[in-house]
Amino acid sequence: MPAVITGCRYPRGLGVRRCLMVALATVLFFLVCPRPAIAHDPLLDLPEPKSVPEAWDVIRQSVENVGKLLETNQLKPIAFQIANCSPAIRRLQSELGDRADRQELREKLEAMYASGGSVILATRDKQSPLEKAQALYKTYKAAWDAIAERYPPELRTSAVYNCPMHPLDRHLKETDRCTICSMKLNRRRIPSSTTYEKPGAASMTLKLVPTPPLKPGVRSTINAKLARLDGAPVLPADLLVMHTERVHLLIVDSSLADYHHEHPTPTATPGEYEFAITPRLPGEYRVFADVVPGATGVQEYVVGDIPPAEDNCHGNPISDKVDRLSAEDRGLKAALVFPGLKTPTLRANEVVVGELRFTDRDGTPFGGLEPVMGAFAHIVGFAEDRKTVVHIHPQGEEPKTAAERGGPLLKFNFYAPAAGYYRLYVQVLVGGEARFIPLGLNVAGAGK
């Protein structure tokens, strides 16, 4: 976990004020941000920086992440991001050397503890926490920008690279190799949230050509071409492996009733991939390519449509928009509840803890969920406009071996970035076969 605003290690002579702020922020941090038991997460397991450039990388990313969290109204994770800056501040203070402004700079860095603590306190205010935190964040960020100007660009803008298999092995040169396994390094990115991160703008395009053209009940092989905006092909090596795959294709028809989750394989032509589907319904199918470019480490959804045959061009509308909180697939039933919801209404831009409860045909709790793509379940939701998609994974320790089993209860954080009707698909693996359990939710507009 990050070495938060804790008071165990700091230079002498810093006064009672900082000690009180440190103690207050520490208690608040653990009260508002209970840590779920999850696998390695760079947001929760961020190591202390080893150098000034790494310290600035942590500060730069974490401060930007606070802004992203305020934009999406996720207030609890803000404490994690501000906590990330605490060991980075200590590193900067320890590396002041004999520079002429060291005393003044030390004091300005010291003031950032209290400034960050005030933002955390604002997020927990009973009245207008978002607005108060946004106002204090402007001051907080401006103070960091002013401190950054005192450092040369090569120190405050350097990237950090780490190993996908050994993330604690960090380097400042992209050309370095992991000191443990010699693997190529990726640019390290600190996620803003473990619940929902607003996807980055697509840096590539997706073109899909079916053979034969789409018709219900007919298997079609799809050629998928991924290209950068300048037309250069996107190779498998350009993409990070996320949940065991480099490309996740989330595919749905116009009625949101026929969902497919596919992983294309590269062809001999650079930038081209192949997969096959058998559509159940008429019309075009929309594809969301869930990818993370290695150059940025930012998740993107690249959207494309699979065109239908000319005599199959009219897709079905959404037949119903009712809440459906339980359904089954071949005898496996999933029931969705939101035990912590204070009102009957789900709202956009609010994080709500949900629970999926699995039972078999006779109602017996089912605990035989097998690992699928590095998790015990994948929850994919499509909004009625087919422009918004959410991809959610359960809380809890991720499976490390194929022999592990999950259920009968899985918890997860639900976040809808926009209001409207969502069709959810709960994908699990039982007996080596994928099950897709469809649910439905209506999400109201964001509250105050």
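The values are calculated or read from the model by the stated rules, or taken from the named source; none is laboratory data. What you see is a predicted model; the values in this text were computed from it and never measured. For neighbour counting, all protein chains shown are included, and Cβ atoms are generated from backbone atoms with ideal geometry for every residue, glycine included. Accessible surface is based on the protein model in full, side chains and every heavy atom, while ligands, DNA and RNA are left aside. Shrake-Rupley method; radii C 1.70, N 1.55, O 1.52, S 1.80 Å.
Out of these labelled values of Kirkwood radius over Cα pairs in Å, (1) 24.0; (2) 22.2; (3) 21.3, which was calculated from the coordinates shown here?
Entry (1).
Return the single residue from Y259, Y422, Y151 with maximal mean-square fluctuation; model: Gaussian network over the chain, springs between Cα atoms under 10 Å.
Comparing Y259, Y422, Y151 in the GNM, the peak value goes to Y151.
Using a 1.4 Å probe on the protein heavy atoms only, what accessible surface does I277 show? Give it in Å² to the nearest 10.
0 Å²
Compute the long axis of helix 78-94 from its Cα atoms, compare it with the longest principal axis of the Cα atoms of the chain, and write down the angle in degrees, 0 to 90, nearest 10.
So the helix axis and the longest Cα principal axis differ by about 40 degrees.
Put E310, E300, E284 in order of accessible area, largest first, 1.4 Å probe: what do you get?
Of E310, E300, E284, the descending order of accessible area is E310, E284, E300.
Highest GNM mean-square fluctuation, the chain, Cα pairs closer than 10 Å: which of P212, P236, P308?
P212
Would you rank S326, S86 by solvent-accessible area, highest first, keeping every protein chain in place and using a 1.4 Å probe?
Largest accessible area first, the list is S326, S86.
Normalised by the residues of segment 152-267, what does the relative contact order come to in percent, with Cα pairs under 8 Å and at least six apart?
Value for segment 152-267: 12 percent.
So how long is each side of segment 323-397 along the principal axes, counting just the alpha-carbon atoms, biggest first, in Å?
35, 29, 26
Which semi-axes, in whole Å and largest first, does the equivalent ellipsoid of segment 81-122 have when worked out from the alpha carbon gyration tensor as the square roots of 5 times its eigenvalues?
Its equivalent ellipsoid spans semi-axes of 22, 11, 4 Å.
Which value in Å is the Kirkwood Rh of segment 298-350 over different Cα pairs?
Value: 16.2 Å, from the Cα pair sum.
In the chain, carbon and sulfur make up what percent of the accessible area (probe 1.4 Å)?
It is 54 percent, rounded to a whole number.
For the charge dipole of the chain, defined by +1 on Lys and Arg C-beta atoms and -1 on Asp and Glu C-beta atoms about the Cα centroid, which residue among A309, Y113, L206 has the Cα displaced farthest towards the positive pole?
Highest projection toward the positive end goes to Y113.
Which of K76/K132; K50/K184; K76/K108 have a Cα-Cα distance over 22 Å?
Among K76/K132; K50/K184; K76/K108, the Cα-Cα distance tops 22 Å for K76/K108.
Tell me, what is a quarter of the convex hull surface for the C-alpha atoms of segment 333-448, in nm² with one decimal?
Average projection, Cα convex hull of segment 333-448: 7.6 nm².
Which of the aspartates and glutamates could a cross-linker span from K215 if the Cα-Cα distance has to be under 20 Å and same-chain partners fewer than 8 positions apart are dropped?
D253, D258, E262, E274, E284, D305, E310, D311
Which of R386, R280, R150 moves the most in a Gaussian network model of the chain with Cα springs under 10 Å?
R150
On each of the three principal axes of the Cα atoms of segment 53-132, give max minus min coordinate, whole Å, ordered largest first.
45, 21, 15
How large are Rg and Dmax for segment 169-263 when calculated on the C-alpha trace, in angstrom?
Here Rg and the maximum Cα pair distance are 17.8, 53 Å.
Using a 1.4 angstrom probe, figure out how much accessible area segment 360-448 has per residue, in square angstrom, rounded to the nearest whole.
41 Å²
Give the value in nm², to one decimal: projected area of the alpha carbon convex hull of segment 235-350, averaged over all directions.
The Cα convex hull of segment 235-350, projected and averaged over all directions, gives 10.8 nm².
Using Cα centres only, tell me the gap between segment 134-169 and segment 218-249 in whole Å.
For segment 134-169 versus segment 218-249, the Cα centre distance is 31 Å.
Under 17 Å from the Cα of K126, which aspartates and glutamates turn up, not counting those fewer than eight places away in the same chain?
Within reach: E350.
Treating the Cα atoms of segment 90-239 as identical point scatterers in vacuum, please give the log10 of the normalised Debye intensity I(q)/I(0) at q = 0.17 Å⁻¹, two decimals.
So the normalised log intensities work out to -1.20.
Report, to the nearest 10°, how far helix 129-148 tilts away from the longest principal axis of the Cα atoms in the chain, using its own Cα long axis and a range of 0 to 90°.
With rounding to tens, the tilt is 60 degrees.
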